[in-house]
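The values are calculated or read from the model by the stated rules, or taken from the named source; none is laboratory data. All figures in this text were calculated on a predicted structure; none of them were measured in a lab. Don't worry about glycine lacking a Cβ; one is built from the backbone with ideal geometry, like all the others, and counts go over all protein chains shown.
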Amino acid sequence: MPREYRMMSTEPIDLGVVVRAADEVDPGLRPRLLFGGWAAQLVDRQGIAVLTVEASRRLDDRSQADQLLGPPAGDPIAEPAADAAFVWWTEASAPWGVAGEPGSRLARIIAEAVGARLVAEEGQ
């Protein structure tokens, strides 16, 4: 079971944001596009996936994202402007266990870069 991340932001998460985050965590990480560009995957030097980020989807009804994310809890990085006309929804996943720790850092850096509200399901 992978670690799962859900992000809500007022701007989409694009490949540039993902690559800049990768450079911050490990300059050896490389992106590869999956499913015709619907997802970007960061892989290490051995080709092992560290984080997969799906393409951001626009939600015209912010309440949809609020329902899916639940109320803010823990240490949300940011809360997108409440008056935003629409929001972007992005999902990401990283491997379980120690192998997923770089992916966890990446997800947090990516969320911070776009001012996203981040909900992480990383197990116990």
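What to note about this one:
- Reported count of residues in the stretch 85-114, each being surrounded by fewer than 16 Cβ atoms within 10 Å (Cβ to Cβ) and of a type outside the set (D, E, K, R), is 6.
- Those strands (runs of 3 or more DSSP E) of the stretch 8-66 in which at least 1 residues are basic (Lys, Arg) and over 18 Å from ALA120 (Cα atoms), considering only elements entirely within it, cover 30-34, 57-59.
- Restricting attention to the stretch 1-16 and to residues that are in contact with a Pro (Cβ under 7 Å, 6 or more places away or on another chain) and within 8 Å of TRP88 (Cα to Cα), the residue that is surrounded by the fewest Cβ atoms within 10 Å (Cβ to Cβ) turns out to be THR10.
- Against the test of being modelled with pLDDT of 90 or more and either within 17 Å of PRO27 (Cα to Cα) or among the aliphatic types (A, V, I, L, M) (or both), the options ILE48, ILE77 yield a single qualifying residue, ILE48.
- Residue check, VAL19 crowded, with 18+ Cβ neighbours inside 10 Å and at pLDDT 95 or above: no
- Residue pairs meeting the criteria (Cβ under 6 Å; at least 6 apart or on separate chains; first touching a residue at least 60 places away in the same chain (Cβ under 8 Å), in the stretch 1-21; second part of a strand (DSSP E or B) and of a type in the set (Gly, Ala, Ser)): PRO2/SER93; ARG3/ALA94; GLU4/SER93; TYR5/ALA92; TYR5/ALA120; VAL18/ALA40
- For ASP14: the one exception among (1) under 15 Å from the mean Cα position of the chain (by Cα); (2) closer than 14 Å to GLY103 by Cα: (2)
- Within the stretch 107-118, tally of residues that are within 14 Å of ALA94 (Cβ to Cβ) and not small (Gly, Ala, Ser): 4
- For the stretch 26-41, the candidate set comprises residues that are within 13 Å of GLY103 (Cβ to Cβ) and in contact with a Ser or Thr (Cβ under 8 Å, 6 or more places away or on another chain); within that set, the residue that is surrounded by the most Cβ atoms within 10 Å (Cβ to Cβ) is ALA40.
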